[in-house]
Amino acid sequence: MFTLEITPSDRQAAEEHAAASYPEECCGFLIGRFNVATELTAVVRVLPVSNERQESRHNRYLISPETVLAANKEARALGLDVVGYYHSHPDHPARPSEFDRDHAWPGLSYVIVSVEGGKVADTRSWRLSDDRERFEEEAIQQAIDPAAEPATPLVPSGIQKEAV
Amino acid sequence: MSVTVQIPTPLRRFTGDHGEVQVEGATVGEAMQDLTRRHPALQRHLYGDDGALRTFVNIFLNDDDVRHLQREGTPVASGDTLSIIPSIAGGAGGAPGASALQTAREIDELPELSPAEFRHYSRHLIMPEVGTAGQRRLKAAKVLTIGAGGLGSPLGLYLAAAGVGTLGMVDFDVVDESNLHRQVLFGRSSVGRPKIQAATERLRDLNPHIKVVPHEVRLDSSNALELFRDYDIVVDGTDNFPTRYLVNDACVLLGKPNVYGSIFRFEGQVSIFWGARGPCYRCLFPEPPPPGLVPSCAEGGVLGVLPGIIGSLQANEVIKLIVGVGDPLIGRLVLFDALKMKFRELKLRKDPNCPVCSDHPTQTSLIDYDQFCGIDPHAETVEEAFEISAPQLKAWRDEGRPLTVLDVRNPPEWEIGRLEGSTLIPLHELQDRLGELDPASTIVSLCHTGMRSARATSFLRQMGFSRAINLAGGINAWSIQVDPSVPRY
């Protein structure tokens, strides 16, 4: 079973970005490591970027390939990978749309923050199936904040399972 | 040519975990073809069912996006590196657009289109921005237009034609000849009929695939919430302030978007007031203007094509909201000047102290909007003793009574027709030109239908003209009852 592990502060950063961008969509990168054996994606940091769409920003977002290249470089410099993306759905459930499915790759986590009336309502994470037929939800679990527990940044002990 | 293709991390599972793959080819397209031949599992993630590169997949030749070169025909040389770089795109709702409506339905919950509907909407369907999904959203949408008049005509026609599945209309008026220069829903055969009946027939003929719901009622505080509740979007095509504030407040209370338009003479305004997403009408205009300051179309006139332009802009915004394309006109007010042929745009801010749409509203239900707008239903009429009928005025004139006939209309109306020997002082000039009138004489004020002259008579009496009298029914009554050679308008 796939799991996304994220610290409260990183999750909060993404959610605050989503709320601040309301009623438009926001987007950003999830940078970290993916462990094939445990199917665990550990987010080490989130990288908010601006929505490069010029119109329909209330229900569309775009990150240009140039920005993707830059984020990849930044991730590599940390010895990490881009493991997924987050974006918001203003006044819309945290479920991927058909449009999201058409524009996704498997092997990545797609975190969606639902914002209703400017307030975060729900945060979920999804992965595209290899046959591209559907998105499957993955569990989000809370990692220990490295700021609080600098010694054990990525150890999933004492984790609190999120209700998703 | 042997070329290196760099594989993005998430797709390496499909290349046996190789981050780089050596391929052969003379062009970018050939090299990519060789890549998917070697690793067929990559195909569906890079190419769509139509065989074209997926729109979000970009190929870089060394450091250049091949879209800026010769795309897939770009030649490659041995030792070149190709990188597959996604642009990350997505967003709420189904392709091609997500409805901005809170009632946005999931794609598989939307009603299907019949073969006849595919034919009717074919010019919509072939645009990717609308497509079948957008058309099904239109079919699922419920829109209520307030008023079947100047703005209601283009709104009704275009929204019906575009396939808005449930189209409600509120109106209680009757088609008058003076409507026909702008209310293109109606023809001569409709004159004298209730607008709502004539409009419903016309729209059903235009598009039998939709449901037209007539509401032949006078919209007021007692019925607005119940009426609006069943609709996704309310479109304001009204011509008076009490109804405009009523429509705004009811929409804010119900969280529904209010697609607003207004017209006067040669100018118009359009916006979307949506308290849940941005400012409402009250954030822009907290207080109505004093009664009488802003004349109605009946008093001030309106260029016939103007509601066609403004109503069409409103219809455009409604369709965008439903289909989920473009930038909705939320928080922006567009001003149109037909004489200068100029559009201006004002940014609107939500008023943090707005009595209805702020976080701490002081008004949480509908109020008496006539009273709010300072309109006393009896204020416009003068006491009967101060009124005179057209035949009576004729008799007085025939008797040779000394009296002044004061015409308070505007000069273009005066040009259409007037009473012989009358004096023209437009209502808005009356205050400054009182000196031209004799306080001791009998002054009979007249206008088009008796409303403005009633205000003039009240004003004159306040100013000490104790023998001021109003011609009931205005020059229209004179034309009907006394002298048909004076044209009615």
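Each value in this text was obtained by applying a stated rule to the coordinates, not by laboratory testing. None of these values were measured; they are calculated from a predicted model. Don't worry about glycine lacking a Cβ; one is built from the backbone with ideal geometry, like all the others, and counts go over all protein chains shown.
At a glance:
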| quantity | calculated |
| --- | --- |
| Under Karplus coefficients 6.51, -1.76 and 1.60, residue-wise ³J(HN,Hα) of the stretch B:200-207 in Hz, glycine/proline x | 4, 4, 4, 6, 5, 5, 5, 8 |
| Cα-based Rg / Dmax (Å) for the stretch B:296-369 | 16.3, 42 |
| Range in chain B, longest, excluding exposed GluC sites (Glu not before Pro) [loop by DSSP; at most 12 other beta-carbon atoms within 10 Å] | B:113-382 |
| Label-reachable residues, the stretch B:335-367, where backbone N falls under 11 Å from a point 7 Å from B:Glu287's Cα toward its Cβ | none |
| Sites A:Ser50 and A:Asp145 - FRET efficiency at Förster radius 22 Å, r taken between beta-carbons, to 0.05 | 0.25 |
| The stretch B:158-267, Rg to Rh (Cα coordinates; Rh as Kirkwood inverse mean 1/r) | 0.95 |
| Förster radius 45 Å - calculated FRET efficiency between B:Ala116 and A:Ser129, Cβ distance, rounded to 0.05 | 0.80 |
| Under 10 Å, Cβ to Cβ, from B:Leu246 - net charge with Lys/Arg +1 and Asp/Glu -1 | -4 |
| Under 27 Å from the Cα of B:Lys195 - lysines, other chains or at least 8 residues apart | B:Lys139, B:Lys142, B:Lys211, B:Lys256 |
| More than 20 Å apart - percent of Cα-Cα pairs taken over chain A | 48 percent |
| Area projected by the alpha carbon convex hull of the stretch B:384-481, averaged over all directions, nm² | 5.7 nm² |
| Estimated distance in nm for a label pair at A:Leu69 and B:Leu69, the labels positioned 7 Å out from Cα along Cα-to-Cβ | 1.2 nm |
| Residue order, fewest to most beta carbons within 10 Å, for B:Tyr281, A:Tyr22, B:Tyr47 | B:Tyr47, A:Tyr22, B:Tyr281 |
| Cα-based helix-to-principal-axis angle, A:65-77 vs chain A, degrees rounded to 10 | 10 degrees |
| Length added when fully stretched, B:Gln392-B:Asp432, from 0.36 nm per residue minus Cα-Cα | 11.4 nm |
| Sites matching trypsin sites (Lys or Arg not before Pro) across the stretch B:193-242 that sit in DSSP coil, with at most 13 neighbouring C-beta atoms within 10 Å | B:Arg218 |
| Principal axis box of the protein assembly as shown, alpha-carbon based, largest edge first, Å | 111, 54, 39 |
| Difference of contour (0.36 nm per residue) and Cα-Cα distance, B:Thr449 to B:Arg401 | 14.9 nm |
| GluC sites (Glu not before Pro) within the stretch A:1-87, DSSP loop, no more than 14 other Cβ atoms inside 10 Å | A:Glu39, A:Glu55 |
| Point-to-point label distance, B:Ser365-B:Arg488, nm (Cα→Cβ direction, 7 Å offset) | 4.3 nm |
| Positive minus negative residues near B:Ile272 (Lys, Arg vs Asp, Glu; Cβ under 9 Å) | +1 |
| FRET efficiency, 1/(1 + (r/R0)^6) with R0 45 Å, evaluated for B:Ser466 and B:Leu225 via beta carbons | 0.40 |
| Exposure proxy ranking, count of Cβ atoms within 10 Å, fewest first, for B:Met127, B:Met32, A:Met1 | A:Met1, B:Met127, B:Met32 |
| CD proxy at 222 nm, helix term only [per DSSP H run n ≥ 4: -39500 (n - 2.57); per residue of chain B; nearest 500] | -8000 deg cm²/dmol |
| Built amide H within the under 5 Å cut-off of B:Val444, gap 5+ | B:Thr404, B:Val405, B:Leu406, B:Ile469 |
| Farthest toward positive dipole pole in the protein assembly as shown [+1 Lys/Arg, -1 Asp/Glu at C-beta], among A:Thr3, B:Trp478, B:Gly165 | B:Trp478 |
| Separation in nanometres of the label points that stand 7 Å from Cα toward Cβ, at B:Ile309 and B:Gln197 | 3.5 nm |
| Amide H within-cut-off set for B:Asn58, under 5 Å, with H built and near neighbours excluded | B:Ile85, B:Ser87 |
| Karplus-derived HN-Hα couplings along the stretch B:47-64 (A = 6.51, B = -1.76, C = 1.60, θ = phi - 60°), whole Hz, x at Gly and Pro | 10, x, 4, 7, x, 8, 4, 4, 4, 8, 9, 10, 10, 10, 9, 6, 10, 10 |
| Local electrostatic count, B:Pro411, Cβ distance below 12 Å [Lys/Arg +1, Asp/Glu -1] | -2 |
| Fewest-first ranking of B:Thr74, B:Thr9, A:Thr38, B:Thr457, using other Cβ atoms within 10 Å as the exposure measure | A:Thr38, B:Thr9, B:Thr74, B:Thr457 |
| Cross-link partners of B:Lys342 among lysines (Cα-Cα below 23 Å; sequence separation of 8 or more within a chain) | B:Lys320 |
| Fraction of antiparallel bridges per DSSP, the protein assembly as shown only, in percent to nearest 5 | 55 percent |
| Calculated P(r) of chain B - Cα pairs past 37 Å, % | 48 percent |
